Structure formats: structure tokens, C-alpha cells
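Peer 1: For reference, the structure I am asking about is given below.
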Amino acid sequence: MKGDNAMGNGILMEELIETDVLCVGGGIAGLMAAIRARELGAKVIVAEKGNTLHSGRGRAGNDHFWCYIPEVHGADMELFLKECLKGPKLRLMQAGTSMKVLRAFLENSFDIVKLWDRWGISMKYQGRWEFAGHSFPGDVLTHLKYAGLKQKRILTEKALEKGAEIMNRVMIYDLLRADGGIVGAIGIHTREKKVVVFQAKAVILGTGFVDRLYPPPVSGWLASVAGGLTLTGDGRAMIYRAGGDVVGPEIPRRHVGPRYFSRYGQATWVGVLRDPQDKPIGPYVTNEDYEYMMYWMVHEGNSSLLEFMKEEGIDIRRHPVEFQIYNMLPEGKIWINERAETSVEGLYAAGDESMGGIGPSATYGWIAGENAATYVKDAPSLDLKKAREKIEEKKVLAEKMRTREIGPDWKEANIALQQIMQDYAGSVRSETLLTAGLSYLQMLRDKADATLMARNQWELTRCLETRNLLDIGELVFIAAQERRESRGLHNRPDYPFTDPMLDGKGLFIRKVGEQPVLEWKAIN
Ligand SMILES: Cc1cc2nc3c(=O)[nH]c(=O)nc-3n(C[C@H](O)[C@H](O)[C@H](O)COP(=O)(O)OP(=O)(O)OC[C@H]3O[C@@H](n4cnc5c(N)ncnc54)[C@H](O)[C@@H]3O)c2cc1C
């Protein structure tokens, strides 16, 4: 395809910005980190590739918040944690997260609940702590229902009120290292023709989930994913390239939801049971059930789906709504300790990329902000000059894509990648499939590096995201090869049994030189 680059879009300008703490991503974790770090006196910038008012998986609301409230769950937090991890949902979502991190999260979660309630995100229902859903009957109720519809606006306003600077429309695409630590990060503006170089004493990664690696539930529509087109695991890819630890990318997770709509809400749906002849059988949805469900589905971020159903006259009390399994989601995490520190000095992570769900994102964002602000007080002075070579290399990468006059666009590369992931690292994996898939992925990467073209800054953003996805895809392949067993959704017919020796262990991967190094370690 031929682009408008032929008309001479020119070279990208460079803008240099200095700060103490750089929050990469203005989602739930990033904003909470910014608020806390600012409160403790650090100069804070949030670089957000969209707009913090409506970006990320929490953009349209959430409605259940995992937390520990002693007056509800009893005084024994350890017992509560054990009970929480009994259920498959939390066990899988938090796989790869240290028990120390989970404990610190639970210990602090009630404070965050009270804080949000004070800020105007209503955490009570009809004056009480309402725990519902997300647990099997008879099990402990782990998730607090809360009204998250306006959470992004409230957190954005709070961050600005505290004095954090929010730079919307900036995508960070690589970390800058020197003297063994972090000296900043480089980004592009997603609208204007420029790169933005940040000099920062501490960087907090809060870039969220990986939603675009496997084909979406509706083929051909890359944006038809529940989380969002722009959630491409950038933090995981960046830390991997920077030599930090990523854990467990080989174990996937899948959600279900209304067919073709790619909207979550499976915890809140109350349907009408049907017999094999499609005849409705009880229990029936009462009006009270219906009102309750609608209230929470709005807060869970499903307004667009509900509007559509209304327009089409679909009433779940009368009409069956089909569900389907959605796309595969790699569960890999950035490894953090209880202070939210990653394995790279000065680099912190929080949210979906190191834990899963809104409660952990909010709480660990706060913890990351607190520790980063403390760290920068005594952090060594920075010398960005040492990262100059890397900055130039990264500028050239972006400029090449921007100035090519002909070539495939990001969609072609991304769809090819999704195809490879589905066919070679999908629901069935074997040594033969994984070896073949990895070699195809490497061929695709070489081709993408040599030919990918971006006609404008928006496409450049998508291209850089696709490069990140290629790295994450590679991590999935390498780790899936190493996990010679079947476990969860990692099905290997060549190793059909679950290896009990791997219980409680995670597969850590880091780049040493240009080579990935893998290590099994106990998660504790
Ligand atoms: C419809 C829906 C309902 C949900 N309901 C619940 C629920 O009720 N309870 C629950 O526990 N969880 C729920 N979740 C999940 C929950 O929303 C996430 O766990 C939470 O938002 C994660 O917060 P985060 O800060 O890690 O990531 P996000 O909130 O996704 O934010 C990540 C941010 O980083 C930005 N970003 C990414 N890469 C870059 C980059 N390279 N440079 C700059 N910016 C970048 C993104 O634009 C985004 O704003 C739901 C998810 C969906 C989609």
C-alpha cells in the first residue's frame, strides 16, 4: 500500500521533559500511583496514550472490588486469603504474584475502599458493604459491589488536584537505562509528529492488559475485544527488553460473555434457565433481580451493550442471549515485590500487568506511588546522556516507519501475528507446533521491522504496539515450550499430565544480552 509519507512528512521533533516520577499509563493503577507520589511531594507526570478520562479497562466503569474488610470477613486475614485462592478465578488471575504482594494488597485494600468512598466513588450499596458474585455458592464472598461508572473522571480530577501533570496522547514505547537503573523513557505523541523523551528518577508501569495478541471473538474486528484496542501489554514488552523479569506468560485465561459483543459482565448476568427444548424453566428473573442487575451492569462498563439491547427491544427477562468464549488472554505478569519494585532498580509496576483486577490495581498503584516517591528522595542523579545512543536508535525505529512510502500496515502484521498465536500457541500446543510457530513469528518480526509503514502518528502508535505484541508472543512461545506439562488452558498432548513438581512455581523469563533466560522459581 502506498501512503502519504511520499509527500514528505519529515522527521520527528524531540521534546525533553524532566520529572521525579513518570507514571506510564493513566489507568486505575497509574492514576492512583500519581496521586500518592504527588501527595508525598514528588514531581509526577502521567504519560497516557489515550485520555485518562476514558482510557483502559476501567474506562466505562467496574462494579466489583476484591478487598478484605475485617468486619465482614473476620479478623483472620490469612484465612480469608486462603479461601480467596481456593476459587479458580482468583487463583488463576493472581498466578505469578507473590504471596507477600497479595498479603500487602489485602492489608491495605480496605483503606483504599474508604478513600474511594470519600472521593465520591460510592463503595456502599444502600448504606452497607454489599459483597456478591465471583464466588461459588457456599464459598466466602470476596468482591465488594461498588459504583465505578465515574471512577476515571474522579481519579483524573484527584490527580490534577494534587498537582500531577497528565500528558494525554503520549505512548511510551521504551525504557531508558543507564548505570544498571532507570533514567527515563521514550514515547511518541499519538497525534503530533514528535517523540517525547522523559528523564525520570523512577518509572511506574501501569499499562494494563494484553488484549490484541489472539484473534478477537468477532473475526476481522481488531477492536472487538472486551478490554480495548490499545491494551497491548506495552509494560511487559518494555521491561522484557530492558532486562527485567516477566513471569508465566504461557498460561492463558479466557472470559465468556454475550456472543459477538465482547463486553464483560458475566458476573452480573442473571439469565433464564432453559431445558434442552429451549423452554424456559425457573427460577425466573423477578423485576427486583432485573433492576439489581441493570444497576450493576451500568457500573460495570456495559452501558453501550445495554443501550443496544434497549434499541433492539431485547429484554433478558424474555429473550435468550447467547454467550460465547472470548479470546485467549496471556496471563504473564511483571514480577514485583511487596514494595511494587520490579527487578530493575527505579522501575515499579502495578495493576493488571503485575496483578489482576480493580482492587489490586487501585491498591498497588497507591503502594507503587508511595515507594517510588520515597525512592526518588535519595535516588542517584541522572545522566540521560548515557542513554543517548538508545534514544537515537529508538527515534530511527519510529522515523523509518513514518517515512516509508510503501509497505504493509499494522493491521496486516497484527492479524498475521494473531493467526500464528491461535494456530501454534492456541488451545492445543505441542513441541512441533510451538517450534514451527516460533520460527514463523520470528520471520514475521523480521519482515515487520523491515517493511512496516505508518501513514500518520495514530498508525505509528498501532505499529509500535504491534511490535510489543510480537515480543509478548515470543515470550508465550518460549515459555510454553519450557512448560512440559498440561495445566489449566495450557494443553500439551505431548505432555498430557500436570506435573506436581511445578505446583507453586512460576516460570521467570528475562533477557540477558539478546537471549531469553528461563528459570523456575517458587512463588512465595
Ligand atoms: C468491561 C469491563 C469490566 C470490568 N469489571 C471489573 C470489575 O468489576 N472488577 C474487577 O476487579 N475488574 C474488572 N475489570 C478489569 C479492570 O478494569 C482492570 O483490572 C483494571 O482496569 C486494571 O487497571 P490498570 O490500571 O492496570 O489498567 P487499565 O485501567 O487498563 O489502564 C491502563 C492504561 O495504560 C494506558 N497505556 C497502555 N500502554 C501505554 C503506553 N505504552 N504508554 C502510555 N499509556 C499506556 C492505557 O491507555 C490505559 O489507560 C473489568 C474490565 C472490563 C473490560
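Peer 1: Restricted to the stretch 77-94, and to residues that are away from the ligand (no atom under 15 Å from the Cβ) and in contact (Cβ under 8 Å) with a residue 40 or more places away in the chain, which residue is surrounded by the fewest Cβ atoms within 10 Å (Cβ to Cβ)?
Peer 2: Among those residues, the one meeting the criterion is Lys86.
Peer 1: Would you tally the residues in the stretch 130-171 being farther than 27 Å from Gln94 by Cβ and either crowded, with 24+ Cβ neighbours inside 10 Å or not charged (D, E, K, R) (or both)?
Peer 2: Going through the stretch 130-171 one residue at a time, the tally reaches 9.
Peer 1: For the structure I just gave you, tell me whether Thr97 is touching a helix residue (DSSP H, G or I) at 6+ places or on another chain (Cβ under 7 Å) and polar (S, T, N, Q).
Peer 2: Details: touching a helix residue (DSSP H, G or I) at 6+ places or on another chain (Cβ under 7 Å): no; polar (S, T, N, Q): yes.
Taking the combined requirement at face value, the residue does not satisfy it.
Peer 1: Specify which of the listed residues (Leu229, Leu205, Leu222) is out of contact with any Pro (no Cβ under 6 Å at 6 or more places or on another chain) and surrounded by 21 or more Cβ atoms within 10 Å (Cβ to Cβ). Give the steps one after another, and end with the answer.
Peer 2: Values: Leu229 fails: surrounded by 21 or more Cβ atoms within 10 Å (Cβ to Cβ); Leu222 fails: surrounded by 21 or more Cβ atoms within 10 Å (Cβ to Cβ).
Exactly one of Leu229, Leu205, Leu222 is out of contact with any Pro (no Cβ under 6 Å at 6 or more places or on another chain) and surrounded by 21 or more Cβ atoms within 10 Å (Cβ to Cβ), namely Leu205.
Peer 1: Filter the stretch 21-76 for residues that are over 15 Å from the mean Cα position of the chain (by Cα), surrounded by 22 or more Cβ atoms within 10 Å (Cβ to Cβ) and basic (Lys, Arg) and give the result.
Peer 2: Arg36, Arg38
Peer 1: Being within 30 Å of Gln422 (Cα to Cα) and among the aliphatic types (A, V, I, L, M) is the filter; apply it to the stretch 292-330 and report the residue that is nearest to the ligand (Cβ to nearest atom).
Peer 2: Leu305
Peer 1: Which one of Ile154, Ile166, Ile186, Ile172 is part of a strand (DSSP E or B), at pLDDT 95 or above and under 30 Å from Met297 (Cα atoms)?
Peer 2: Only one candidate qualifies: Ile166.
Peer 1: Being more than 16 Å from the ligand (Cβ to nearest atom), part of a loop (DSSP other than H, G, I, E, B) and surrounded by fewer than 20 Cβ atoms within 10 Å (Cβ to Cβ), is that true of even one residue in the stretch 95-109?
Peer 2: Within the stretch 95-109 (the criterion being more than 16 Å from the ligand (Cβ to nearest atom), part of a loop (DSSP other than H, G, I, E, B) and surrounded by fewer than 20 Cβ atoms within 10 Å (Cβ to Cβ)), the answer is no, since none of the residues qualifies.
Peer 1: Still on this structure, please answer the following. Quick check on His299: is it of a type outside the set (Gly, Ala, Ser) and over 32 Å from the mean Cα position of the chain (by Cα)?
Peer 2: no
Peer 1: Got a number for residues in the stretch 213-255 being assigned to a strand (DSSP E or B) and either at pLDDT 95 or above or within 13 Å of the ligand (Cβ to nearest atom) (or both)?
Peer 2: Looking only at that region, the number is 5.
Peer 1: Condition test on Leu469, is it assigned to a helix (DSSP H, G or I), within 16 Å of the ligand (Cβ to nearest atom) and within 22 Å of Met401 (Cβ to Cβ)? Write out each step before concluding.
Peer 2: Numbers: assigned to a helix (DSSP H, G or I): yes; within 16 Å of the ligand (Cβ to nearest atom): yes; within 22 Å of Met401 (Cβ to Cβ): yes.
Yes, satisfied.
Peer 1: For residues that are in a loop (DSSP other than H, G, I, E, B) and on the phi < 0 side of the Ramachandran plot, scanning just the stretch 280-310, find the one that is surrounded by the fewest Cβ atoms within 10 Å (Cβ to Cβ).
Peer 2: This residue is Gly282.
Peer 1: Would you call Pro252 in the same structural domain as Ile316 (by TED's automatic domain parsing) and either crowded, with 21+ Cβ neighbours inside 10 Å or more than 16 Å from the chain's Cα centre (by Cα) (or both)?
Peer 2: no
Peer 1: Pick from Ser343, Ser381, Ser354, Ser361: which is away from the ligand (no atom under 16 Å from the Cβ), in contact with a helix residue (DSSP H, G or I) (Cβ under 9 Å, 6 or more places away or on another chain) and not assigned by TED's automatic domain parsing to the domain that holds Asn491?
Peer 2: On the way: Ser381 fails: in contact with a helix residue (DSSP H, G or I) (Cβ under 9 Å, 6 or more places away or on another chain); Ser354 fails: away from the ligand (no atom under 16 Å from the Cβ); Ser361 fails: away from the ligand (no atom under 16 Å from the Cβ).
The match here is Ser343.
Peer 1: To continue, here is another question. Using the structure shown, decide if Arg177 is in a strand (DSSP E or B), at negative phi and among the charged types (D, E, K, R).
Peer 2: Yes.
Peer 1: Filter the stretch 334-343 down to the residues that are buried (at least 24 other Cβ atoms within 10 Å of the Cβ) and not in a loop (DSSP other than H, G, I, E, B) and list them by number.
Peer 2: Ile334
Quick grid of which residues meet (1) within 21 Å of Val218 (Cβ to Cβ); (2) aromatic (Phe, Trp, Tyr); (3) in contact (Cβ under 8 Å) with a residue 12 or more places away in the chain:
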position	(1), (2), (3)
Pro249	no, no, yes
Trp269	yes, yes, yes
Met297	yes, no, yes
Asn302	yes, no, yes
Asp315	no, no, no
Phe323	yes, yes, yes
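Peer 1: Between a residue in the stretch 53-70 that is at positive phi and any residue that is modelled with pLDDT of 95 or more and near the ligand (Cβ under 6 Å from one of its atoms), which pairs come within a Cβ distance under 6 Å, given they are 6 or more apart or on different chains?
Peer 2: Within 6 Å, the pairs are Gly56/Gly27; Gly56/Gly208.
Peer 1: Can you report the number of residues in the stretch 34-76 which are within 30 Å of Gly184 (Cα to Cα) and within 13 Å of the ligand (Cβ to nearest atom)? Before the answer, list the steps.
Peer 2: Pass one, the stretch 34-76, residues within 30 Å of Gly184 (Cα to Cα): 34-59.
Okay, now just the ones that are also within 13 Å of the ligand (Cβ to nearest atom), so 34-35, 45-59.
Residues flagged as within 30 Å of Gly184 (Cα to Cα) and within 13 Å of the ligand (Cβ to nearest atom) within the stretch 34-76 amount to 17.
Peer 1: Is it the case that Gly313 is at negative phi and among the small types (Gly, Ala, Ser)?
Peer 2: It is false that Gly313 is at negative phi and among the small types (Gly, Ala, Ser).
The values are calculated or read from the model by the stated rules, or taken from the named source; none is laboratory data. Note that the structure is predicted; figures quoted are calculated from it, not measured. Positions of Cβ are generated from backbone atoms using ideal geometry, with glycine treated the same way; all protein chains shown enter the neighbour counts.
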